Amino acid sequence: MTLSMWRIAVLSLCVLAVTAGCKEGDETPEDDRTSATPAAGPAAAPAHGPTFDPAGSDPRAIEIADRVLVALGGEAAWAGTRNLVFTFAVARGDTELTRRTHYWDRTTGRHRIEYTDRDQRSFVVIHTMGSTIGDTTASAVLAAAGGAPVSDPAELRGLKERAHAMWVNDGYWLLMPYKLKDPGVHLAYDGEKTEDGRTWDVIHLSFDQVGLTPGDQYWAYVNRDTGLLERWAFRLESMPPDAEPKAFDWMNWRRYGGILLSDAKVAVGGNQRIFFPDLAVFDELPASVFTSTAAQTLPAL
């Protein structure tokens, strides 16, 4: 697990639908949890604090990771990406299992999530990444359940923890290729793989003793021609050590602002998929997105 404020691993808290590696919030279809987030979630824009240590990684793997970032738009484009809005959805076959929408200001760390639980109760939670979980003052967390404001400190704390866990999990499904060189990540070249005329360079990711599940492992399949991540596989700490890694293909790479993002992940040999029906990058969002739990209208793209 790794890194910055994103990563506060909450594998066990991530909730909803699919089996996929997840450093910070693993979930399986059986318990309606989705996982895929190594102990760190998406990364905040400013790179303060710990940085990636190349001493613990294979130079060839580092070179491939650098190529991935260039293919995605480059370091400057990623650093200049401020506001991400995305809906994370999970389906098995034709049945949608979960859907939740995130608004994230990478500069300030403010995060808003909207979702409905299994009892069809709607929630809106607004908080700041990196703030103390126990801080439930209005400046630290706002929440509404079923349209009514939440004021009970214990309930606010639980909603804040859950919002963070979902952010970590869902964001990793979207942004993992941008996190190959997070603090605490170790990269190793794991050889060449070919399939259907494609050649992949495979990078193995392992993690320092950071986050909740440092034993998670990921494999990134990078297209040698394009530099894009086309598949990932993972074996979570909670899985048997000899278990076959679970794999998902990363599909539909498209440009959003100055960066590329994949809006569909499909299980290899299965019927599960993670998809992002709403996905956008904004330079600015209305201030009310992070100050009011009322429904929001976003600027036109």
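The values are calculated or read from the model by the stated rules, or taken from the named source; none is laboratory data. Because the structure is predicted, anything quoted here is derived from the model rather than measured. When we count neighbours, we look across all protein chains shown, and the Cβ atoms used for this are built from the backbone with ideal geometry, even at glycine.
Details
- Filter result for Leu16 (aliphatic (A, V, I, L, M), crowded, with 22+ Cβ neighbours inside 10 Å, at pLDDT 95 or above and touching a strand residue (DSSP E or B) at 6+ places or on another chain (Cβ under 6 Å)): no
- Segments classed as strands (runs of 3 or more DSSP E), wholly inside the range 103-214, with at least 2 members that are of a type outside the set (A, V, I, L, M, F, W, C) and touching a helix residue (DSSP H, G or I) at 6+ places or on another chain (Cβ under 6 Å): 110-116, 185-195
- Of the residues in the range 76-99, not one is over 23 Å from Val185 (Cβ atoms), touching a helix residue (DSSP H, G or I) at 6+ places or on another chain (Cβ under 7 Å) and not in a strand (DSSP E or B).
- Count - residues of the range 276-301 that are charged (D, E, K, R), loosely packed, with under 14 Cβ neighbours inside 10 Å and either within 23 Å of Trp253 (Cα to Cα) or in contact with a helix residue (DSSP H, G or I) (Cβ under 9 Å, 6 or more places away or on another chain) (or both): 1
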